[in-house]
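Notes follow once the structure below has been shown.
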Amino acid sequence: MILIFGPVGAGKSTQAELLVERFGYHWISTGKLFRETQDPEIIEYLKTGKLVSDEQTQRMLLAALNDIDGDKVILDGFPRNVAQAEWLLAQKYSVDLGIVIELTTEEAVKRLAGRGRDDDNESAIKERLAVYHDQVDPCIAYLAEQGIEIATVSGEGNIDEIHDQIAATLTQHNLG
Ligand code: AMP
């Protein structure tokens, strides 16, 4: 199992989809699963950029993981905080690598202008960036402390350049 991290605008879902095509991973995006639910309470959370509860997220994630054979999976958007990371490490899946796509806040905001998704209004973007640094940064640090390999790539280039860096990292770790 591979985890992919990056602030909103870093293109983590695009990158995850490229890895699916090239290396045959299954892709699970908790954000995408939430956007597909019809649950009005969840839709409201997404609009504000706040995190959905750990319990709801974990329940939904387990159901998605159960639909997949094996553990050649890329998790996109999970774990999002230390509690979710602890929970994940207690499950039966082996976490092989975390990939962090780094992007400055200025660049993230610039890229998101005009994407047009419901949760791409300015206040939701700011909230999601704040959540990222408040909760996801410590989550990544926790995973590293627990011995999970973390690879950092720059998110500043174009899609192909970022993909090449990630693909090289996977090959290096025999995960390609
Ligand atoms: P994303 O597509 O990963 O940027 O996620 C979009 C939104 O879905 C986030 O702003 C959260 O409201 C919600 N979400 C996605 N993943 C999680 C998670 N692991 N825990 C809680 N909320 C999440």
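A single member of Leu51, Leu75, Leu46 is modelled with pLDDT of 95 or more and either surrounded by 12 or more Cβ atoms within 10 Å (Cβ to Cβ) or in contact with a helix residue (DSSP H, G or I) (Cβ under 6 Å, 6 or more places away or on another chain) (or both), and it is Leu75.
Which of the residues belonging to the stretch 89-101 are in contact (Cβ under 8 Å) with a residue 40 or more places away in the chain and either among the basic types (Lys, Arg) or part of a helix (DSSP H, G or I) (or both)?
Leu89
Within the stretch 94-102, can one find any residue that is out of contact with any helix residue (DSSP H, G or I) (no Cβ under 9 Å at 6 or more places or on another chain), over 28 Å from Leu175 (Cα atoms) and surrounded by 14 or more Cβ atoms within 10 Å (Cβ to Cβ)? If you could, list the steps in order and put the result at the bottom.
Kept after step one, since they are out of contact with any helix residue (DSSP H, G or I) (no Cβ under 9 Å at 6 or more places or on another chain), are these residues of the stretch 94-102: 94, 96, 102.
Now restrict to residues that are over 28 Å from Leu175 (Cα atoms): none.
No; the residues of the stretch 94-102 include none that is out of contact with any helix residue (DSSP H, G or I) (no Cβ under 9 Å at 6 or more places or on another chain), over 28 Å from Leu175 (Cα atoms) and surrounded by 14 or more Cβ atoms within 10 Å (Cβ to Cβ).
Could you identify the single residue in Asp71, Asp118 that is in contact with a Phe, Trp or Tyr (Cβ under 7 Å, 6 or more places away or on another chain), touching a residue at least 40 places away in the same chain (Cβ under 8 Å) and not in a helix (DSSP H, G or I)? Full working, then the answer.
On the way: Asp118 fails: in contact with a Phe, Trp or Tyr (Cβ under 7 Å, 6 or more places away or on another chain).
Result of the check over Asp71, Asp118: Asp71.
The set of residues from the stretch 155-164 being surrounded by 12 or more Cβ atoms within 10 Å (Cβ to Cβ) and either without any contact (Cβ under 8 Å) to a residue 40 or more places away in the chain or within 15 Å of Ile74 (Cα to Cα) (or both) comprises Gly157, Glu161, His163, Asp164.
When Arg59, Arg22 are checked against the criterion of being more than 16 Å from the chain's Cα centre (by Cα), without any contact (Cβ under 8 Å) to a residue 24 or more places away in the chain and not in a loop (DSSP other than H, G, I, E, B), Arg59 stands alone in meeting it. Given the conditions (1) in contact (Cβ under 8 Å) with a residue 60 or more places away in the chain; (2) within 14 Å of the ligand (Cβ to nearest atom); (3) assigned to a loop (DSSP other than H, G, I, E, B); (4) surrounded by 17 or more Cβ atoms within 10 Å (Cβ to Cβ), and given that Arg80 satisfies all but one, which numbered condition is not satisfied? Condition (1) is where Arg80 drops out. Being at pLDDT 90 or above, assigned to a helix (DSSP H, G or I) and more than 15 Å from the ligand (Cβ to nearest atom) holds for only one residue in Ala130, Ala141, and it is Ala141. Please indicate, with yes or no, whether at least one residue in the stretch 24-33 is charged (D, E, K, R), within 17 Å of Leu97 (Cβ to Cβ) and surrounded by fewer than 17 Cβ atoms within 10 Å (Cβ to Cβ). Within the stretch 24-33, none of the residues are charged (D, E, K, R), within 17 Å of Leu97 (Cβ to Cβ) and surrounded by fewer than 17 Cβ atoms within 10 Å (Cβ to Cβ). Exactly one residue among Gly116, Gly98, Gly157 is modelled with pLDDT of 95 or more and over 22 Å from Gln56 (Cα atoms), and that residue is Gly98.
Here are some residues: Asn81, Asn121. Which one is polar (S, T, N, Q) and within 22 Å of Ala141 (Cα to Cα)?
Values: Asn121 fails: within 22 Å of Ala141 (Cα to Cα).
The unique qualifying residue is Asn81.
A single member of Ala167, Ala85, Ala63 is over 16 Å from Lys50 (Cα atoms), surrounded by 14 or more Cβ atoms within 10 Å (Cβ to Cβ) and within 16 Å of the ligand (Cβ to nearest atom), and it is Ala85. For Lys110, are the conditions met, namely being out of contact with any Lys or Arg (no Cβ under 6 Å at 6 or more places or on another chain) and surrounded by 13 or more Cβ atoms within 10 Å (Cβ to Cβ)? No, not satisfied.
The values are calculated or read from the model by the stated rules, or taken from the named source; none is laboratory data. Keep in mind that what you see is a predicted model, and the values were worked out from it rather than measured. When we count neighbours, we look across all protein chains shown, and the Cβ atoms used for this are built from the backbone with ideal geometry, even at glycine.
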